[in-house]
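K.L.:
Sharing a structure with you now.
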Amino acid sequence: MFVGVDVGGTYTDAVLLDHEAVRATAKIPTRADLLESVLEALDIVLKDVDNKDLKRIVISTTVITNLIAGRKYDKVALLLIPGPGLSHRYYDFKTKTIILTGAIDYRGREIVPLDEKEIVAALSELAAEGYKKVGVAGKFSPRNSAHEKQVAAIIQEKYPDWQVELGFRAGPQLNFPRRAATTYLTCATREPYRNFVNSVRQALEKRKISAEVFILKADGGTMPLDKSVEQPVETIFSGPAASTLGVQALTPPDETEVVVDIGGTTTDIALILNGQPLLSAKGARVNEQLTQVHTLAVRSVPVGGDSLLELAGDEIVFRPERLGPAYCMGGPAPTPTDALRVLGLTALGEEAKAEVAMEKLGAPLGLSAAETAGRVIDLIADSITAEVEKMFLEWEQEPAYRIWELLQKRKVRPSIVAGVGGGADGLIPQIAAKLGCDPVIPPYAPVANAVGAAVARPTLQVSLRADTEQGYYQIREEGFQGKIDKRSFNEQKALALAREKLLERAADYGLAVTPDEIEVTYREVFNMIRGWDTSGRLYDFTVQTPRGITCRIEKGGK
Amino acid sequence: MSMSNASEKPTGLIFFPAFDWAISPTHPEREERLLYTRDQIFEEGIMDLPQVSEYTPVLATTHDIAMTHFCVPRVEDQVTEAHLIAAGAAILLADEIVSGQIKNGFALVRPPGHHSMRVVHGNRGFCNINNEAIMVNYLRRRKGIKRVAIIDSDVHHGDGTQDIFWHDPDVLFISFHQDGRTIFPGTGFTNELGGPGAYARTINIPLPPGATDESLLYIVDNLILPVLSDFKPDFIVNSAGQDNHFTDPLGSMRFTAQGYARLTEKLRPDLAVLEGGYAIETALPYVNMGIILALAGLDYSAVLEPDYQKFRESADLAGQVRRMVDQLLQRWAKRDQVSISQSDMTGNYFQHTKRIYYDTDNIQENQLEKLRLCDNCPGYLSIETKANHGYGQTGGKALCLSIPIDACASCRTEAADLYEKAKKARTYSYVYLQDKSADLFLGYDTANGKEWRSEGS
């Protein structure tokens, strides 16, 4: 049996899955203590279960989001090695930042060496200001991490108790500013996150739960609890990933769907294209900083069932704030929920109160309660639909760098609008109608996020880059470098090497992966010509364990 | 990253490296060309800057091509999808600039185009179709842009662009390049100044090998900017070749990324379009960064090649450049006082013959070009062309008729009559009528008696 737990801002949800059936669900208000929320929800769904039958627990939490939003971490300094390029004055990571001499180029060659004296002086400066956590990030460090490692070695030697995070691990993609920001966040959150992980482990031990525990990532994959400490920031924004995977598990396969999660004051929109959740082309924006954190493509609209409605001139508008519950549920002001109540699209609250709310709102415009409610629903559905259209447009206009990629670009239209979260189910048919889709409220929609967590599967990837002219290959995630023979190395060998490294990594993570399951997700081969002769080849491969969900939910058991 | 001036419009960037296209596997114009540029601009996070807005290209239409080039026998025979994408990228950015979405743009695309002339029988100087010319003609036909200046900063003379706008008084073409006596295509001398109706609207600045940023900035300040200020273009294009770089394997000049960035900053082009540049590791990543930052109004002072140095020019070379600039300024001052040599006249027509060599495809083309001298418009142009594709294989003759955008009724009628007559005469294998004033193209295949047409939508 599997358990999925999703700790959201307002509610914590859990489900117990037995093969393809939901056996138990829980929905509780999220407590100030996240762990407490997890345990309370777990205890509810595990009430009649023998812990020995429990194989896996997947948790999606807001722990990182809360740490970062509340700045609940020690101060972190950044040591950057940008070398030539964009002027350093544009780098503003909202923290103490020192620029170091040194440069690596796009092929990982050192063009300017480090200056050890300068590094020592920078460290004294940080020490004097009381820093004990340092992120070190260099331009092109994923191509050659030697400079970052050298700086780390000096820190270890002089200040062995400092915590050091290196850019090539935290941000292995090509994007130096995002690498620096991601390194900063990793450095800031690792220790408090590790504390969270330890307390989860202790609490489960106390309950004699020995199931494997995984943490959901923003891209819909999972990591074993212990390993998640290596990339804590990857666990941010896992909520929308949980809902999207939930819809994937609860609706027919291979569909193109819009997932709409309408909450109290925000609506999250995600896309499933031909059965696969759409990933964001770039990393997440965290606290106004762009990072390299992989996430699903999610758009948030500041509107929900409890949004405040008011008049602006002779237009009805919604405001992003929440004054309280809907008027029909004893709140102070008209909300979209009142509109839904008036039109009979929800059973929440008192009908008479909803009528009053809509009447008051529409009176200055000479509208009846029903007319006002109609306008409100139209307005909300329109703004959500507009965002959905923008998402499709953005996806269609994502840059392509190869002719075949550009030519195969095509328009994909959704066939289903799936509503989850239960915030305002009544809106889903309206949105679907505007998009020409079928509205679907899947079974277990209120806990679809927990279902999504339960069916999420671990993903691991390995990126190999080989430069035969320089005679080496490297594994980006590990900063590992090995020699290759320039003449005999070829594409098959590159791929075999990448696969082998992935299997090693999987074994280290305790994941059972067979070689034929491995997917090649990125493949780039370039002949290097110098003069008129081939002087070498550049190979760039990314291989990963299969993405997707462990099962679909076919039947309910409850 | 924190940025000032967030209210200003961004620079539009299309990066299309065509990683799956090459002229041949070891050709300079191959898949790998923009690989390290990709690495550099991605690693710098350029696309994340609020001052830069990345676009994905669209394909130009065959009609867009046909309104600039006479492709023999047809557009489809001379262009691949890669060419349509490169030209389409330039058009898309130009559209966004004219409509005010972006403040300027850079089509960092390949394949290049500035050696492609009006008539296209094949590839010359790595080019099949002229991206800038196609874009400029699009703006003039469709967006009401009248006066355009094109500044070509490639090490090779932009002979294709020169050919296309030779007779056009509303398109100013300025090319500075390495002296044609020392490099392909062997043209671009100071006496090449444009047709009788567009005298000095073509300006060539052949630079001695070894010229540095110093001479580059001298000609910009003392020749190009003053001429631009007289000409008052509605739209400025930079054919941004990067092979004047001190590390380029084909050129012998000594410009740096700083020089290119400074050029861009001074020139303030609306749209820059990549042309040549084959020092793919040592120049392109840095020069492209410099151009992007300069267009976006960002500090580029730290964009330095690993082996950057401030090159020194000999006094001799500098003096040579100064004298040439003076001479060209005098010609520019007298631009409206040209008299046509009577030997070039046949009745009311200005005519001359041209031999054009296609180095990539080894084609020898012979042209007889006739311009109708008209008091009311720039006059229509007729080109009789015949190509010898090597190994004695000779194509038939083709007749190309081009009606300018602001043509008078009499020129239009005469060209249209000529087209109909040529169709019947069977002297030509192909007959074409390119009517820019009506946004209409007609082509006729004499062998099968079939006509095709395309119109702007």
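The values are calculated or read from the model by the stated rules, or taken from the named source; none is laboratory data. Since the structure is predicted, the reported quantities are computational estimates derived from the model, not experimental observations. Don't worry about glycine lacking a Cβ; one is built from the backbone with ideal geometry, like all the others, and counts go over all protein chains shown.
K.L.:
Among the residues of the range B:53-78, what is the count of those that are buried (at least 23 other Cβ atoms within 10 Å of the Cβ) and either in contact with a Ser or Thr (Cβ under 8 Å, 6 or more places away or on another chain) or among the β-branched types (Val, Ile, Thr) (or both)?
P.N.:
Total satisfying the criteria: 6.
K.L.:
Turning to a different aspect of this structure: Applying the selection to the range B:360-414, what residues are part of a strand (DSSP E or B) and of a type in the set (A, V, I, L, M)?
P.N.:
Residues satisfying the conditions are B:ILE363, B:LEU368, B:LEU371, B:LEU381, B:ILE383, B:ALA387, B:ALA398, B:LEU399, B:LEU401, B:ILE403.
K.L.:
Considering only the range A:1-47, how many residues are part of a strand (DSSP E or B), touching a helix residue (DSSP H, G or I) at 6+ places or on another chain (Cβ under 7 Å) and basic (Lys, Arg)?
P.N.:
1
Residue by residue, here is whether (1) more than 14 Å from every other protein chain (Cβ to nearest Cβ); (2) part of a loop (DSSP other than H, G, I, E, B); (3) farther than 17 Å from B:ILE174 by Cα holds:
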site: B:LEU304; (1), (2), (3): no, yes, yes
site: B:ASP316; (1), (2), (3): yes, no, yes
site: B:ARG335; (1), (2), (3): yes, yes, no
site: B:SER339; (1), (2), (3): yes, yes, yes
site: B:ILE356; (1), (2), (3): yes, no, yes
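K.L.:
I would also like to ask the following. Would the range B:385-392 turn up any residue that is of a type outside the set (Lys, Arg), crowded, with 16+ Cβ neighbours inside 10 Å, touching a residue at least 12 places away in the same chain (Cβ under 8 Å) and within 19 Å of B:GLY188 (Cα to Cα)?
P.N.:
Among the residues of the range B:385-392, not one is of a type outside the set (Lys, Arg), crowded, with 16+ Cβ neighbours inside 10 Å, touching a residue at least 12 places away in the same chain (Cβ under 8 Å) and within 19 Å of B:GLY188 (Cα to Cα), which makes the answer no.
K.L.:
Continuing with the same structure: Output the residue which, of all residues in the range B:362-375 that are over 23 Å from the mean Cα position of the chain (by Cα) and at pLDDT below 95, is surrounded by the fewest Cβ atoms within 10 Å (Cβ to Cβ).
P.N.:
Filtering the range B:362-375 for residues that are over 23 Å from the mean Cα position of the chain (by Cα) and at pLDDT below 95, the one surrounded by the fewest Cβ atoms within 10 Å (Cβ to Cβ) comes out as B:ASP375.
Residue by residue, here is whether (1) among the charged types (D, E, K, R); (2) closer than 30 Å to A:VAL15 by Cβ holds:
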{"residue": "A:ARG476", "(1), (2)": "yes, no"}
{"residue": "A:GLN481", "(1), (2)": "no, no"}
{"residue": "A:ILE484", "(1), (2)": "no, no"}
{"residue": "A:ARG499", "(1), (2)": "yes, no"}
{"residue": "A:LEU503", "(1), (2)": "no, no"}
{"residue": "A:ALA512", "(1), (2)": "no, yes"}
{"residue": "A:GLU524", "(1), (2)": "yes, no"}
{"residue": "A:THR545", "(1), (2)": "no, yes"}
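K.L.:
Give all pairs with beta carbons closer than 7 Å in which a residue from the range A:525-554 that is away from chain B (no Cβ under 14 Å) and surrounded by 15 or more Cβ atoms within 10 Å (Cβ to Cβ) meets a residue that is of a type in the set (S, T, N, Q) and in a loop (DSSP other than H, G, I, E, B); count only pairs at least 6 apart in sequence or on separate chains.
P.N.:
From residues that are away from chain B (no Cβ under 14 Å) and surrounded by 15 or more Cβ atoms within 10 Å (Cβ to Cβ), the pairs are A:GLN544/A:THR459; A:THR545/A:THR459; A:ARG547/A:THR459.
K.L.:
Now for a separate question. Which members of the range A:142-164 meet the condition of being under 32 Å from the mean Cα position of the chain (by Cα) and over 18 Å from A:ILE81 (Cβ atoms)?
P.N.:
A:ASP161, A:GLN163
K.L.:
May I pose another question? Looking only at the range A:57-113, how many residues end up being in contact with a strand residue (DSSP E or B) (Cβ under 6 Å, 6 or more places away or on another chain), among the charged types (D, E, K, R) and facing another protein chain (nearest Cβ under 8 Å)?
P.N.:
Count: 1.
K.L.:
Can I ask one more? Determine which single condition A:GLY102 fails, assuming it passes every other condition in (1) touching a Leu at 6+ places or on another chain (Cβ under 8 Å); (2) farther than 15 Å from A:LEU79 by Cβ.
P.N.:
Single failed check for A:GLY102: (2).
K.L.:
Hey, among B:ALA211, B:ALA261, B:ALA240, which residue is in contact with a Leu (Cβ under 7 Å, 6 or more places away or on another chain), within 14 Å of chain A (Cβ to nearest Cβ) and closer than 30 Å to A:LEU86 by Cβ?
P.N.:
Among B:ALA211, B:ALA261, B:ALA240, only B:ALA261 is in contact with a Leu (Cβ under 7 Å, 6 or more places away or on another chain), within 14 Å of chain A (Cβ to nearest Cβ) and closer than 30 Å to A:LEU86 by Cβ.
K.L.:
Find the strands (runs of 3 or more DSSP E) located wholly in the range A:278-329 whose residues include 2 or more that are under 30 Å from A:ARG178 (Cβ atoms), and list them.
P.N.:
Filter on the range A:278-329 gives A:298-301.
K.L.:
Something else: With respect to A:ALA496, is the statement that it is in contact (Cβ under 8 Å) with a residue 60 or more places away in the chain and either in a strand (DSSP E or B) or over 24 Å from the mean Cα position of the chain (by Cα) (or both) true?
P.N.:
no
K.L.:
Still on this model: List every residue pair whose Cβ atoms sit under 9 Å apart, with the two residues 6 or more apart in sequence or on different chains, where the first one lies in the range A:390-413 and is assigned by TED's automatic domain parsing to the domain that holds A:GLU524 and farther than 15 Å from A:LYS282 by Cβ and the second, anywhere, is small (Gly, Ala, Ser) and not in a helix (DSSP H, G or I).
P.N.:
none
K.L.:
Here's a follow-up. Checking B:PHE311 against (1) in a loop (DSSP other than H, G, I, E, B); (2) without any contact (Cβ under 8 Å) to a residue 12 or more places away in the chain, which test does it fail?
P.N.:
(2)
K.L.:
For residues that are more than 10 Å from every other protein chain (Cβ to nearest Cβ) and either assigned to a loop (DSSP other than H, G, I, E, B) or modelled with pLDDT under 95 (or both), tally how many sit in the range B:28-58.
P.N.:
2
K.L.:
Taking the range A:315-333 as the search range and keeping residues that are farther than 14 Å from A:ILE380 by Cβ and in contact with a strand residue (DSSP E or B) (Cβ under 8 Å, 6 or more places away or on another chain), which one is surrounded by the most Cβ atoms within 10 Å (Cβ to Cβ)?
P.N.:
Once the filter is applied, the top-ranked residue is A:TYR327.
K.L.:
Something else: Within the range B:65-79, is there a residue that is more than 10 Å from every other protein chain (Cβ to nearest Cβ), among the hydrophobic types (A, V, I, L, M, F, W, C) and closer than 23 Å to B:THR11 by Cβ?
P.N.:
Initial filter on the range B:65-79 (more than 10 Å from every other protein chain (Cβ to nearest Cβ)): B:65-79.
After this cut, where a residue has to be among the hydrophobic types (A, V, I, L, M, F, W, C) as well, the list is B:65-67, B:70-72, B:75, B:79.
Right, trim to closer than 23 Å to B:THR11 by Cβ and you get none.
No, every residue in the range B:65-79 fails to be more than 10 Å from every other protein chain (Cβ to nearest Cβ), among the hydrophobic types (A, V, I, L, M, F, W, C) and closer than 23 Å to B:THR11 by Cβ.
K.L.:
Still on this structure, please answer the following. Being out of contact with any Lys or Arg (no Cβ under 9 Å at 6 or more places or on another chain) and not in a helix (DSSP H, G or I) is the filter here, so list the residues in the range B:59-69 that pass it.
P.N.:
Matches in the range B:59-69: B:LEU59, B:ALA60, B:THR61.
K.L.:
Also: Yes or no: B:PRO25 modelled with pLDDT under 95 and facing another protein chain (nearest Cβ under 8 Å)?
P.N.:
Values: modelled with pLDDT under 95: yes; facing another protein chain (nearest Cβ under 8 Å): yes.
Spelling it out, B:PRO25 is indeed modelled with pLDDT under 95 and facing another protein chain (nearest Cβ under 8 Å).
K.L.:
So, one more: On the given criteria, is B:GLY297 more than 11 Å from chain A (Cβ to nearest Cβ), assigned to a loop (DSSP other than H, G, I, E, B) and over 26 Å from B:ALA18 (Cα atoms)?
P.N.:
Values: more than 11 Å from chain A (Cβ to nearest Cβ): yes; assigned to a loop (DSSP other than H, G, I, E, B): yes; over 26 Å from B:ALA18 (Cα atoms): yes.
Here the answer is yes, as B:GLY297 does meet what is asked.
K.L.:
Within the range B:70-123, how many residues turn out to be in a loop (DSSP other than H, G, I, E, B) and over 18 Å from the mean Cα position of the chain (by Cα)?
P.N.:
Adding up the residues that qualify gives 9.
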